Each structure stands twice: as structure tokens, then as C-alpha cells.
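Novice: Sharing a structure, written as C-alpha cells. Questions coming.
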Amino acid sequence: MQDIAIIEAPSVLGLRPSGVQDLPAALLGAHLSATPGAVRVGRVEPPAYDPTRDADTGVLNPHAIAQYSVRLADAVGGVLDEGRFPVVLGGDCSILLGNLLALRRRGRHGLLFLDGHTDFYQPSAEPAGEAASMELALATGRGPRPLTDLEGRGPLVRDEDVVAFGFRDAAESARAGMQPLPAGLHAVDLDAVRASGAGTAARRAVDRLAAGAGAGFWVHLDVDVLDDAVMPAVDYRQPDGLTWDELESVLRTALADARAVGLDVTIFNPRLDPDGTLAARLTECLRRGLSARSAGRGA
């Protein structure tokens with residue numbers, strides 16, 4: 001049986017139809033599915049996008065996101081039940097809710113959150129009501145109930161079971177009104193990653209997650225964790241970030257661990273990569289990271 005199961009999840013319900021919905025086609029066009037052991041297993045189509053901000057929650061498309069999260073959780077759960085490793089291609093970061101819902105149905109899990117931003121806005125402070133800027137807050141139970149209590153399961157992940165890794169927006173986001181990360185959530189910003197080295201920092205993050213959430217951990221990758229100089233094809237750019245080699249080291253460390261249960265990739269915008277160069281480089285990085293799975297199954 002193929003080990004890596006690729007699911008397309010081209011939802012921009014938490015953002016806008018800027019081009020991020022083309023991420024799956026771009027990475028598959030760059031031959032991500034040629035990764036050894038990988039197979040495409042399906043596509044979860046999102047409902048129609050509504051640009052009107054919901055008056056009750058202050059969020060764009062809250063009920064559509066909730067419905068989509070359940071459907072995506074069903075798809076991810078089917079892969080997990082077959083003993084395979086889901087790789088979910090977004091879309092915007094709101095797809096994280098569906099991925100974590102699939103895990104929440106099955107017990108307690110952790111989250112390695114690789115993102116250039118902390119994505120901890122509340123709707124009252126997020127300028128456009130985009131859930132893609134608040135998914136970590138929503139996943140930990142902070143925000144409007146339609147998105148924080150999916151299927152009545154409460155927070156999808158506990159604060160202490162999250163490591164936010166590689167972000168570099170804390171001061172800027174605080175000035176914009178984003179709430180700070182809670183004390184119980186482990187934060188490793190870009191400076192901390194650089195202080196110890198990407199591989200060492202990733203190893204510590206994985207060990208922390210494995211010590212808490214015994215059922216394993218999910219890896220969320222927003223590609224804006226990469227340095228803007230090497231990955232400008234994102235909607236909200238900011239200076240600095242991880243190098244390609246650093247990201248590959250983090251992915252190889254995390255995915256080689258047998259307790260890693262899935263990966264999603266979000267926010268890459270192919271419309272900002274007209275010649276496909278960045279899609280090819282991102283695919284290469286992902287393939288190298290995923291190749292560590294076969295070497296690490298006994299970890």
C-alpha cells in the first residue's frame with residue numbers, strides 16, 4: 001500500500017480567491033506525487049466563497065468553513081484509518097481546522113505550527129475577518145463558537161500540545177491588535193531557531209510534542225515561514241524567514257519521527273510564480289522532507 005496519501009484542499013474560505021486555491025495544481029504539476037510511496041487520493045471542493053463578513057461572528061464564511069472542515073476531516077480520517085500519512089495541499093490556513101478535527105475525533109494530538117505569523121487574531125482585531133489569520137487561536141478554542149467547537153469537541157488541540165515555530169511577526173502583530181500567544185503554548189520564534197540551529201530546534205520541538213500528546217502530532221506548513229527573499233509568492237509578505245536548507249532540516253527532523261501523523265501545506269500563491277520556479281523548489285523541499293519518513297519509521 002502507498003504510504004503517503006495526497007489530498008487536495010483548495011479552500012480560500014478563510015482568505016480570498018487570490019490564487020492560493022491553485023496551490024495543489026502547481027505542486028502536483030511540479031511532480032509532488034512522484035515522491036516515492038505517494039499517491040493522490042482525492043480532492044475536497046470548497047463551497048462558494050462569500051465576500052460578506054458575517055455579522056454575528058465577524059469572520060468571512062464561518063459556517064462554510066465549519067462545514068468544509070467536517071468534510072475535510074472525513075477525508076483525512078479515511079487516510080488515517082488506512083494507516084497512511086496524509087499530505088493535505090491547501091488552500092489557505094483555515095484548512096488546519098479540518099485536519100485537526102480528524103485527529104480530535106481520534107484522541108489527543110500535538111501540532112507543530114510552522115508559520116511566519118502566529119495567526120492568533122480575534123475577529124474584532126483582524127482587519128478583514130480572515131480565518132486564515134486566526135486559525136491557531138480557533139484551533140486552541142479562542143474565537144466564535146461555530147469555529148471553536150466543531151462537532152461539539154471543544155478545542156481541537158491543547159495549548160501545551162502546540163509548538164509555534166519560526167514566526168517573526170510578534171511585535172508587528174501586537175501593534176496591529178493580535179492577542180499574544182498564551183503562556184502554556186510553546187513559542188520558538190525565528191531568533192530562537194537561529195540561536196540553536198534549525199535541526200536542533202526542530203528536534204527539541206518534536207521531543208516536546210511527543211512527551212505531551214501521546215497519539216502523535218500534525219505538521220502545519222505555511223510557506224510564508226520561508227525567507228521572503230526566496231519565497232515571495234505569498235499574500236502577506238514580511239522580511240526574513242527560514243532558508244530552504246533550514247526548512248528542509250525542520251521537515252526532515254519532524255517527518256522522520258514515527259509520531260508525525262500528517263502534514264499540510266498552505267498559502268503558496270502560484271499566480272505570483274509565473275514561471276513555476278518557486279513551485280518546483282517548494283516541491284523539491286517537500287519531497288526531501290517526506291523522504292525522511294521511510295528512514296524514520298522505526299523512530
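Novice: Which one, 246, 45, 160, has the greatest fluctuation when you compute a Gaussian network model over the chain with C-alpha springs under 10 angstrom?
Specialist: Result: 45 has the largest fluctuation of those listed.
Novice: Continuing with the same structure: Rolling a 1.4 Å sphere over the protein heavy atoms, what is the accessible area per residue of the chain, to the nearest Å²?
Specialist: Per residue, the chain has an accessible area of 36 Å².
Novice: Using a/c under 1.5 as the rounded threshold, could you call region 226-286 rounded, prolate or oblate? The axes a ≥ b ≥ c are square roots of the C-alpha gyration tensor eigenvalues, and prolate needs a/b larger than b/c, oblate otherwise. Walk me through the intermediate numbers first.
Specialist: Working: a/c = 2.07, a/b = 1.74, b/c = 1.19.
It is prolate, given that a/c is not under 1.5 and a/b is the larger ratio.
Novice: Can I ask one more? Run the numbers for residue 128 and residue 34: contour at 0.36 nm per residue of separation, minus the present Cα-Cα distance, in nm. Don't skip to the answer; put the middle values down first.
Specialist: On the way: separation 94, 0.36 × 94 = 33.84 nm, distance 3.78 nm.
Full extension of this stretch gives 30.1 nm more.
Novice: Continuing with the same structure: Rounded to the nearest 20 debye, what is the charge dipole size of the chain about its Cα centre when +1 sits on each Lys and Arg Cβ and -1 on each Asp and Glu Cβ?
Specialist: On the way: 29 positive and 40 negative charges, 188 e Å.
The dipole magnitude comes to about 900 debye.
Novice: Charges on Cβ only, +1 for Lys and Arg, -1 for Asp and Glu, centred on the Cα centroid of the chain; of 57, 199, 27, which one is farthest towards the dipole's positive end?
Specialist: Positive-end residue among those listed: 199.
Novice: With point charges of +1 on the Cβ of Lys and Arg and -1 on the Cβ of Asp and Glu, referenced to the Cα centre of region 93-224, which listed residue (162, 141, 216) lies farthest in the positive direction of the dipole?
Specialist: 216
Novice: Sorting check: for 72-79, 128-135, which peptide has the highest mean count of neighbouring beta carbons within 10 Å, and how do the rest follow? Can you show the working numbers first?
Specialist: Values: 72-79: 21.5, 128-135: 25.9.
Top to bottom by mean Cβ count within 10 Å: 128-135, 72-79.
Novice: Find the centroid of the Cα atoms in region 177-203 and in region 96-174, then give the distance between the two in whole Å.
Specialist: Using only Cα atoms, the two centres lie 16 Å from each other.
Novice: In angstroms, what radius of gyration and Dmax does the chain have, counting Cα atoms only?
Specialist: Answer for the chain, Rg first and Dmax second: 17.1, 50 Å.
Novice: Would you mind estimating how fast region 5-129 diffuses translationally, via Stokes-Einstein at 25 °C and 0.890 mPa s with the Kirkwood radius over Cα pairs, in µm²/s? Display every interim value, and only then the final one.
Specialist: Numbers: Rh = 15.4 Å.
This corresponds to a translational diffusion coefficient of 159 µm²/s.
Novice: Here's another thing I want to ask about it. Once you have all Cα-Cα distances for region 91-242, histogram them in 5 Å bins from zero and send the whole-percent values.
Specialist: 2, 10, 19, 23, 22, 15, 7, 2, 0
Novice: If you take the beta carbon distance between residue 243 and residue 70 as r and set R0 to 45 Å, what does 1/(1 + (r/R0)^6) give as a FRET efficiency, to the nearest 0.05? Show your work: numbers first, answer last.
Specialist: Numbers: r = 37 Å, r/R0 = 0.83.
Calculated transfer efficiency: 0.75.
Novice: Sorted from largest down, give the three principal axis spans of the alpha carbons of region 191-263, whole angstrom values.
Specialist: Dimensions of region 191-263 along the principal axes of its Cα atoms: 37, 25, 17 Å.
Novice: Determine the share of region 218-299's accessible area contributed by carbon and sulfur atoms, expressed in whole percent, with a 1.4 angstrom probe. Write out the running numbers ahead of the final one.
Specialist: Details: 1520 of 2970 Å².
C and S atoms contribute 51 percent here.
Novice: For region 174-299, just say rounded, prolate or oblate: build the C-alpha gyration tensor, square-root its eigenvalues into a ≥ b ≥ c, call rounded for a/c under 1.5, and beyond that prolate if a/b exceeds b/c, oblate if not. Numbers along the way, then the final one.
Specialist: Values: a/c = 1.87, a/b = 1.17, b/c = 1.59.
Note, shape of region 174-299 comes out oblate.
Novice: Among 20-27, 181-188, 110-117, how do they line up by average Cβ neighbours within 10 Å per residue, starting with the highest?
Specialist: Numbers: 20-27: 22.8, 181-188: 16.8, 110-117: 27.0.
The most tightly packed comes first, giving 110-117, 20-27, 181-188.
Novice: What's the extension gain from residue 145 to residue 105 if we count 0.36 nm per residue and subtract their Cα-Cα distance?
Specialist: Working: separation 40, 0.36 × 40 = 14.40 nm, distance 1.78 nm.
In short, 12.6 nm is gained.
The values are calculated or read from the model by the stated rules, or taken from the named source; none is laboratory data. Bear in mind that the values here come from a model prediction, so they are computed numbers and not experimental data. Please note: Cβ atoms are built from the backbone with ideal geometry, for glycine as well, and neighbour counts cover all protein chains shown. Heads up: the accessible areas ignore ligands, DNA and RNA and are worked out on the full protein's heavy atoms, side chains in. Shrake-Rupley method; radii C 1.70, N 1.55, O 1.52, S 1.80 Å.
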